[in-house]
Amino acid sequence: MNPCPVYEQGKGILFLFFICVRGKTSECWQIFTGRNVARLCCVSSQDGGETWSELTDLTEGVIGEQVRRWATFAVGPGHGIQLQSGRLIIPAYAYFVRCRLCCLPLPWLTKPHAFTFYSDDRGESWHVGKIIRKLKTVECEVAEIEGQGSERILYCNARTSQGHRAEAISKDAGLDFEKANLCQQLVEPPHGCQGSVVSFAAPKRSLQLEGGSTRDGKEALLLPDWTNCSSVDGSVNRVWLVYSHPTSRKERVDLGTFLNQSPGGASGWSRPWVIHRGPSGYSDLACCESEHLFGCLFECGVHSECEEIAFCWFTMADLLKNVNCTEENPTGYSGGDTE
């Protein structure tokens, strides 16, 4: 359950984290009883996923005794990342049992908080970071962005049941996060939904679009003035964010992508560009910066959001064109391929 891969570039190892749950024990039962039965598991591949190692149960060795204070926990789902420093990050969340009476938990005081598992030795050993405080947060993803000057900070975008997404940042690469805040620009349906976020290098002054009349057969798309959006200290943001999530606050429908050109300052999310109309659920983004290309794997359907899993790709130019063209194309999808 909850697959969450991360790729270690130095050794070329792909780690796949997930949880195993004994029998058919539900998350609700674990929260009500305060008895965790989830296990933190991992397999790895050194040949791009063609073959995999034996399963390793990391629960006792990584989480240790503190797992006794968790009603249950999970990783992802989605993807982990490797920071520029080399640190590997796996997003996770746990339901913390705050109080017990006669050895039984008080379920209304058992609250979820997101955090990360991390490794500084290329996946040889893993550790548990501190929780995101203040808000109740569950499924999350993280991305590395820039703060003041050239400072690298870790951005976390998490699911809540409070009508909006939670955002938090860490200045120590995921060891600890500042208090989370609700982002008014990113809505959640009732009970929330998982979402995905990736960071990427901001594009240069022009990108190429097909169908032009220039000598190479392409048309240059000049980016408007907002390409030089500045952070709080006035420096140019060289790292942007893309986020995917259902766009309705009422139900899981109309999966959209959002662009943030100033992630280090106040929330600067664009209007959504809907890449799938109709029932939509969980999603996961990937970025190929060298090709200015994005991919999105997502749940969708006709009658419910989890009838099938689809994949679409879109270019940087598609994204830049559509997140701002709200009159001619009001959050409509006009590029890329869907399978």
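Readers should treat all values here as calculations from the given coordinates under stated rules, not as data from a laboratory. Computed from a prediction, not measured in an experiment: that's the story for all the values here. Heads up, the Cβs are rebuilt from the backbone with ideal geometry, glycines too, and the neighbour counts pull from every protein chain shown.
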From the Cα centre of segment 96-125 to that of segment 138-187, the distance in Å is 19
Per DSSP, the loop-located trypsin sites (Lys or Arg not before Pro) within segment 69-104 having at most 16 other beta carbons within 10 Å are 98
Taking the dipole of segment 46-164 about the Cα centre (Lys, Arg +1; Asp, Glu -1; charges at Cβ), the one of 116, 91, 67 that reaches farthest to the positive side is 67
Rounded to the angstrom and largest first, Cα extents along the principal axes for segment 269-309 equal 37, 22, 12
Among 11/134; 11/130; 24/111; 136/204; 11/179, the pairs whose Cα-Cα distance exceeds 31 Å are 11/134; 136/204; 11/179
The answer for residue 248, listing residues at least 5 apart or on another chain whose modeled amide H is closer than 5 Å to its amide H, is 253
Quick calc, segment 1-95, dipole around Cα centre from Cβ unit charges on Lys, Arg (+) and Asp, Glu (-), nearest 20 debye, gives 400
With +1 at each Lys and Arg Cβ and -1 at each Asp and Glu Cβ, the charge dipole magnitude of segment 48-165 around its Cα centre, to the nearest 20 debye, comes out at 960
Per DSSP, the loop-located GluC sites (Glu not before Pro) within segment 132-192 having at most 12 other beta carbons within 10 Å are 151
Sorted by chain and then number, the residues having a modelled amide H within less than 5 Å of the amide H of residue 58, at least 5 places away or on another chain, are 40, 41, 42
Phi angles of segment 134-148, converted by Karplus (6.51 cos²θ - 1.76 cosθ + 1.60, θ = phi - 60°) into ³J(HN,Hα) in whole Hz with x for Gly and Pro, give 6, 9, 7, 10, 10, 3, 8, 9, 10, 8, 8, 10, 9, x, 5
The answer for residue 34, listing residues at least 5 apart or on another chain whose modeled amide H is closer than 5 Å to its amide H, is none
